[in-house]
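Student: Input: one structure, supplied below.
The values are calculated or read from the model by the stated rules, or taken from the named source; none is laboratory data. Note that this is a predicted model, so its numbers are computed, not measured. Virtual Cβ from ideal backbone geometry, glycine too; neighbours counted across all protein chains shown. What goes into the accessible areas is simple: the full protein's heavy atoms, side chains included, and nothing from ligands, DNA or RNA. Shrake-Rupley method; radii C 1.70, N 1.55, O 1.52, S 1.80 Å.
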Amino acid sequence: VSRLVWCKHFGGVLAVANLRGGGEFGRSWHESGKRFKKQNVFDDFHACAEHVVQRGYTTADKVVMQGGSNGGLLVAACANQRPELCGCVLAHVGVLDLLRYQRYTIGSAWVSDYCNADEDAEQFAYQLKISPLHNVPRERAMPATLVLTSSHDDRVSPLHSFKFAAQLQHTAGAHSTAPLLIRIEQKGGHGAGLPLRKQLAATADAFCFASKAIGATWSD
């Protein structure tokens, strides 16, 4: 429903990316976005952003990348790699430290998808190349970014968001004129673990941030 609000009242266009790593097109499609092939997922997302611009739906500076949890990892990594492809990033409860995620909460259950940097040098080296926390650009401006997390998220620890936001501000802040902010929900969980009232408040803040970033205005 919230996405329909964005389309109707902010004049937005909704694009949902079907990326390698998902289950839409069978096992081989899924396997081609896991572990040492994780970069394929980011490349597909870059291609989707380029496509909507090339087709004339929008311009790159008005693209808003939004994702949560694994999708938070996605949009943060893509913004690091291709900051020129979007005007705003909304990263909800993301897995952002790929070197240490397996040490927090239930992160050890995800090693079949992400690799495990603790196991050997090859996995460590691959994770280091794509981890959002460890790849914030040092010489380039970043798009407006809002990192959203909850203080009591027991699935993706808020430490991911805390560290990423701090690194983003420290490393990219000097080169960026756009805001690089974090929103921390108090006494809330992981995404759907928030009461409806808090979900609505978080969505309203995210949409207001995005609309300001790309110059969209509300219309009845």
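Student: Give me the extension gain from residue 84 to residue 36: residue separation times 0.36 nm, minus the current Cα-Cα distance, reported in nm with one decimal.
Tutor: On the way: separation 48, 0.36 × 48 = 17.28 nm, distance 2.53 nm.
Result: 14.7 nm gained on full extension.
Student: Relative to a virtual label point 7 Å from the Cα of residue 197 in the Cα→beta-carbon direction, which members of the stretch 1-34 show backbone nitrogen distances below 20 Å?
Tutor: Within reach of a label on residue 197: no residues.
Student: Okay, moving on. Could you check the spin-label model distance between residue 129 and residue 50? Points 7 Å from the Cα along Cα→Cβ, value in nm.
Tutor: It is 1.8 nm.
Student: Starting from 0.36 nm per residue, how many nanometres of slack lie between residue 121 and residue 3 once their C-alpha separation is accounted for? Intermediate values should be presented prior to the final figure.
Tutor: On the way: separation 118, 0.36 × 118 = 42.48 nm, distance 4.18 nm.
Between residue 121 and residue 3, full extension yields 38.3 nm more.
Student: Please identify every one of the GluC sites (Glu not before Pro) in the stretch 79-145 that sits in a loop by DSSP and has no more than 14 other beta carbons within 10 Å of its own beta carbon. Write out the running numbers ahead of the final one.
Tutor: Details: sites: 84, 119, 122, 139; in loops: 119, 139.
Passing both the DSSP loop test and the Cβ count: 119, 139.
Student: So, by mean Cβ neighbours within 10 angstrom, what's the order for 42-55, 147-160, 12-25 with the highest one leading? Before the final figure, lay out each step's value.
Tutor: Details: 42-55: 15.9, 147-160: 21.3, 12-25: 13.9.
Ranked by mean Cβ neighbours within 10 Å, highest first: 147-160, 42-55, 12-25.
Student: Then there is this: Roughly speaking, what is the stretch gain from residue 220 to residue 29, that is 0.36 nm per residue apart minus the C-alpha to C-alpha distance, in nm to one decimal? All intermediate terms of the calculation are to be shown ahead of the outcome.
Tutor: On the way: separation 191, 0.36 × 191 = 68.76 nm, distance 4.13 nm.
Additional length available on full extension: 64.6 nm.
Student: Once a ≥ b ≥ c are taken as the square roots of the eigenvalues of the Cα gyration tensor of the stretch 70-197, is the result rounded (a/c under 1.5), prolate (a/b larger than b/c) or oblate (a/b not larger than b/c)?
Tutor: In terms of gyration-tensor shape, oblate.
Student: Here's another thing I want to ask about it. Report D for the stretch 41-85 in µm² per second (integer): Stokes-Einstein, Kirkwood Rh on Cα pairs, 10 °C, 1.306 mPa s. Kindly include the intermediate steps, with their values, before the conclusion.
Tutor: Numbers: Rh = 10.6 Å.
Estimated diffusion coefficient is 150 µm²/s.
Student: Once the convex hull of the alpha carbons of the chain is built, what does its volume come to per residue, in cubic angstrom?
Tutor: Output value, Cα hull per residue: 122 Å³.
Student: Sticking with this one: What lysines could a cross-link reach from residue 8, if we take a straight Cα to Cα line under 29 Å and drop same-chain neighbours fewer than 8 places away?
Tutor: In chain and number order, the partners are 62, 198, 212.
Student: Determine how large the accessible area of residue 9 is when every protein chain is in place; take a 1.4 Å probe and give Å² rounded to the nearest 10.
Tutor: 30 Å²
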